[in-house]
Amino acid sequence: MTIKQLQNVLKCKCLTNDAEETLENNKIESAFACDMLSEVLAFGKGQELLITGLTNPQVIITCKMLDISCILYVRSKQPNEDFIKLAKENGIVVLATGHRMFTACGILYEAGIK
């Protein structure tokens, strides 16, 4: 599934305003949902998408360490401008949806995300 397809399935918006080409060419095949960065570091290896509600800058650092290319914020969370800037600098796409984490995971699972 491309990031663009993920965006359409969850009816979410791209906070990093990435180009359509980026959204259409980057694929997401697996995801990890968590609000504890220690859990992400311990178990989130090999995932392309982090589903979370944490909006602190350590999320970007954690994603960079694990080669996570996309963050999906649930529960209508909105990181600040410094966070968005840091995400752009590190090539990480940031999306946001109003769905709760459980619902977002279920929708993505039904759409084929592992």
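The values are calculated or read from the model by the stated rules, or taken from the named source; none is laboratory data. Keep in mind that this is a model prediction, so the values were computed, not measured. Ideal geometry is used to build each Cβ from the backbone, glycine not excepted, and the neighbour counts take in all protein chains shown. For accessibility, only protein heavy atoms count, side chains too; no ligands or nucleic acids. Shrake-Rupley method; radii C 1.70, N 1.55, O 1.52, S 1.80 Å.
Below is a table of values for the structure above.
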item: Lys, Arg +1 and Asp, Glu -1 on Cβ, resulting dipole of the chain about Cα centre, debye, nearest 20; result: 280
item: Once the Cα gyration tensor of the chain is diagonalised, semi-axes √(5λ) in Å; result: 18, 16, 14
item: Zero-based 10 Å bins, Cα pair distances in region 1-43, whole percents; result: 25, 42, 31, 2
item: For the chain, accessible area per residue (1.4 Å probe, heavy atoms of protein chains only), Å²; result: 54
item: Residues of type aspartates and glutamates that residue 27 reaches as a straight line, Cα spacing below 17 Å, ignoring anything fewer than 8 places off in the same chain; result: 18, 48, 67, 110
item: Protein accessible area in the chain, 1.4 Å probe - carbon and sulfur %; result: 51
item: Electrostatic dipole magnitude of region 66-114 [Cβ: Lys, Arg +1; Asp, Glu -1; Cα centre; debye, to 20]; result: 180
item: In order through region 37-42: 3J(HN,Hα) via Karplus (6.51 cos²θ - 1.76 cosθ + 1.60), integer Hz, x for Gly, Pro; result: 5, 5, 5, 4, 5, 6
item: Long-range HN-HN contacts of residue 2 with modeled amide H, under 5 Å; result: 28
